[in-house]
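Everything on this sheet refers to the single structure shown next.
The values are calculated or read from the model by the stated rules, or taken from the named source; none is laboratory data. If you're wondering where the values come from, they're calculated on a predicted model, not measured in any experiment. Cβ sites come from the backbone with ideal geometry, for glycine too, and all protein chains shown count toward neighbours. Surface areas here come from the heavy atoms of the whole protein model, side chains and all, with no ligands, DNA or RNA. Shrake-Rupley method; radii C 1.70, N 1.55, O 1.52, S 1.80 Å.
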Amino acid sequence: MEGGSRGLRRAYTVKQLLESYRAGDTDPVEHVSKVLDALRRWERDVNAFISLEAEEVLIDAAEEAARRWRRGEARRLEGVVVGVKDNISTSFLPTTAGSRMLDGYIPPFNATVVEKLLMEGAIIIGKTNLDEFAMGSTGEFSAFGPTRNPWDLSRVPGGSSSGSGACLAYGACDAALGSDTGGSVRLPAAYTATVGLKPTYGLVSRYGLIPYANSLEQISPMARSSEDVMLLLEIIAGGDEYDATSIDREPTTASGEEGLKPEDLSLCIPEELVEHSEEAVKKAFYNTVGKLEGLGARLEYIGLGGAEAYALPAYYTIALAEAASNLARYDGSLYPVRGSSGDYWRQAAEARGIGFGLEVKRRILMGVYVLSEGYKDEYYLAATKLRRVIRDAMLKTVGKCLVATPASPIMPPRIGERVDDPLKLYAMDVYTVLANLSGLPAIALPVEIRGGLPIGLQLIGPRLGERLLAGAASIIEDLTGLAGVVAG
Ligand code: GLN
């Protein structure tokens with residue numbers, strides 16, 4: 001596979017695309033043909049999709065969108081091409097969660113978020129690749145082959161929403177949905193120069209999301225600008241009778257108004273944590289926050305009361321425990337992969353042996369272990385206590401400032417570089433898990449393209465403070481000029 005980084009191009013953001021449709025400068029059919037060209041050029045190398053909608057269906061949808069624009073009946077995403085992570089249920093395309101276990105499974109219903117996108121005129125182009133059951137940080141654990149980073153095909157695009165980041169980075173979609181349990185839209189955003197927003201826990205319905213760790217995860221929008229992820233969020237957010245954890249609230253802003261200025265920003269920097277980053281990442285991070293300070297933002301250097309040391313172990317203990325319990329449903333009796341034996345346990349063992357990949361098996365084993373009699377107190381209960389400590393420290397901090405960190409401590413690794421060392425792999429999530437453990441919203445966006453490789457920054461905000469996060473992110477976008485970039 002060809003390595004080495006490529007150039008940089010610009011593509012429309014969703015907002016620009018919609019303006020161009022409105023002005024009659026671009027036609028949805030023309031746009032969809034461009035997207036199909038990008039697919040033909042890149043997809044074989046990148047492997048961003050597990051399944052794709054048929055070209056005729058896409059063109060039909062684009063023609064319908066064109067008619068609606070002409071008649072003045074365009075909806076909020078009319079003619080916008082969206083990629084949907086393949087752990088989000090669709091009744092019109094298979095939903096595999098990146099696992100052989102679900103190969104060929106077509107859900108009988110659409111996830112709530114998918115219904116909402118369709119109602120607004122989005123054109124769903126396909127289902128994006130992911131680490132099996134969303135367990136991973138690089139995109140290499142998919143049963144359907146790894147996704148490669150369009151910025152450098154020898155490198156990973158970040159996971160687990162690897163295909164959602166990659167399709168945005170080479171122009172096969174205008175926006176995408178991912179899921180974020182411990183950073184799965186923010187790592188891909190950091191590695192593909194896109195924007196990922198993990199909403200406040202409960203803000204987006206999880207109905208139809210194939211679960212990994214329910215107490216941590218949220219379906220999350222990705223796009224090429226912070227404005228775009230907010231538009232997507234507004235559409236998919238809201239209470240849902242099918243998800244008892246969903247809350248019927250609007251994302252709010254602490255400052256109460258749009259048009260946030262740098263001098264309205266207070267950023268807290270957990271210095272000890274930032275030290276975990278490699279040099280290039282640290283440099284890009286301090287350079288960006290330094291520029292914000294120069295424009296009037298307040299910076300404060302803080303500690304996070306132990307979260308520095310405990311976030312990763314607490315996250316992985318809780319996530320794996322929940323994963324073990326969720327994955328118990330794949331027993332070879334209901335879903336595509338079945339065992340041949342008549343005996344229930346043998347059938348389940350056979351199906352799991354064939355259906356699950358190595359990392360998923362490893363996680364089930366660890367998850368069962370931390371929940372087992374005699375060890376539960378030592379591991380699972382201890383992790384839930386640590387979670388509370390971390391959450392309290394985070395809630396206190398985001399009451400006065402946005403927590404700023406790099407999005408990932410390292411540059412996008414090469415394919416195969418980290419995948420055999422679980423601990424190194426898990427360490428990539430050191431910044432992102434903080435938000436999931438605390439239920440807080442967080443955004444990741446690009447701040448620099450260095451040697452052709454993207455570097456991302458993360459901001460974590462107060463509960464329901466998505467607008468504030470997006471406002472702060474758009475100030476950073478004004479500084480960097482990186483909204484709307486794609487690999488060229
Ligand atoms: N990398 C983390 C994990 O493997 C997060 C994955 C996710 O957010 N789905 O658990």
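Can you tell me which of 172-184, 136-148, 204-216, 353-365 comes out highest on packing, and rank the rest after it, using the mean Cβ neighbours within 10 Å? All intermediate terms of the calculation are to be shown ahead of the outcome.
Values: 172-184: 30.8, 136-148: 25.5, 204-216: 22.5, 353-365: 17.8.
The packing order, highest mean first, is 172-184, 136-148, 204-216, 353-365.
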#### Entry: Per-residue HN-Hα couplings for region 46-63 [Karplus 6.51, -1.76, 1.60; θ = phi - 60°; Hz; x = Gly/Pro]
8, 6, 7, 10, 8, 9, 10, 5, 5, 4, 4, 5, 5, 5, 4, 4, 5, 5
### Query
Counting only residues 5 or more places away or on other chains, whose amide H sits under 5 Å from the amide H of Ile302 once H atoms are built in the peptide plane?
Ile269, Glu271
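How large is the dipole of region 223-286 about the Cα centre if only Lys and Arg carry +1 and Asp and Glu carry -1, each at its Cβ, rounded to the nearest 20 debye?
Details: 5 positive and 17 negative charges, 53 e Å.
Here the size comes out at about 260 debye.
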### Query
Just from its helices, what would the mean residue ellipticity at 222 nm be for the chain, if runs of 4 or more DSSP H residues each count -39500 (n - 2.57) and the sum is divided by every residue, rounded to the nearest 500 deg cm²/dmol?
-12000 deg cm²/dmol
#### Entry: ³J(HN,Hα) computed for each position of region 96-108 - Karplus, 6.51 cos²θ - 1.76 cosθ + 1.60, integer Hz, glycine/proline x
9, 6, x, 10, 4, 3, 10, 4, x, 6, 10, x, x
#### Entry: Local electrostatic count at Arg186 - Lys and Arg +1, Asp and Glu -1, tallied over other residues with Cβ under 13 Å
-2
### Query
In a shell of Cβ-Cβ distance under 15 Å around Tyr310, excluding Tyr310 itself, what net charge do Lys and Arg (+1) and Asp and Glu (-1) give?
-1
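For region 228-371, with all protein chains present and a 1.4 Å probe, just round the carbon and sulfur fraction of the accessible area to a whole percent. Could the numbers behind the result be given before it?
Values: 3760 of 7100 Å².
Carbon plus sulfur share of accessible area: 53 percent.
Where only protein heavy atoms count, and the probe is 1.4 Å, what is the accessible area per residue for the chain in Å²? Walk me through the intermediate numbers first.
Working: 17860 Å² over 488 residues.
The answer is 37 Å² per residue.
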### Query
What translational D, rounded to a whole number of µm²/s, comes out for region 283-435 from Stokes-Einstein when the hydrodynamic radius is the Kirkwood one over Cα pairs, at 10 °C and 1.306 mPa s?
86 µm²/s
### Query
Amide H neighbours of Thr128 under 5 Å, counting only residues 5+ apart in sequence or on other chains, H built in-plane at 1.01 Å?
Ile50, Val84, Lys85, Asp86
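With viscosity set to 1.306 mPa s at 10 °C, what whole-number translational diffusion coefficient in µm²/s follows for the chain from Stokes-Einstein and a Kirkwood radius over Cα pairs? All intermediate terms of the calculation are to be shown ahead of the outcome.
Values: Rh = 22.2 Å.
The Stokes-Einstein estimate is 72 µm²/s.
With a ≥ b ≥ c taken as the square roots of the eigenvalues of the C-alpha gyration tensor of region 121-193, please select rounded if a/c is under 1.5 and otherwise prolate if a/b is larger than b/c or oblate if it is not? Spell out each step's value before the answer.
On the way: a/c = 1.45, a/b = 1.20, b/c = 1.21.
Because its axes are fairly even, with a/c under 1.5, region 121-193 counts as rounded.
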#### Entry: Sequence-distant residues sharing a close amide H with Leu209 (under 5 Å, placed H)
Ser89
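Among 310-318, 18-26, 461-469, how do they line up by average Cβ neighbours within 10 Å per residue, starting with the highest? Can you show the working numbers first?
Values: 310-318: 22.8, 18-26: 14.3, 461-469: 24.3.
Packing proxy ranking, top to bottom: 461-469, 310-318, 18-26.
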### Query
Taking the Cα-to-Cβ direction at Asp248 and at Arg22 and moving 7 Å from each Cα, how far apart do the two end points lie in nm?
3.0 nm
### Summary
Of the listed pairs Lys15/Lys396; Lys116/Lys400; Lys198/Lys291; Lys15/Lys283; Lys283/Lys424, those with alpha carbons more than 29 Å apart are Lys15/Lys396; Lys116/Lys400; Lys15/Lys283
### Summary
From the Cα centre of region 139-200 to that of region 302-346, the distance in Å is 22 Å
#### Entry: Distance between modelled label sites at Glu271 and Ser91, nm, 7 Å Cα→Cβ extension
5.7 nm
### Query
How big is the antiparallel share of DSSP beta bridges in the chain, given as a percent to the nearest 5?
70 percent
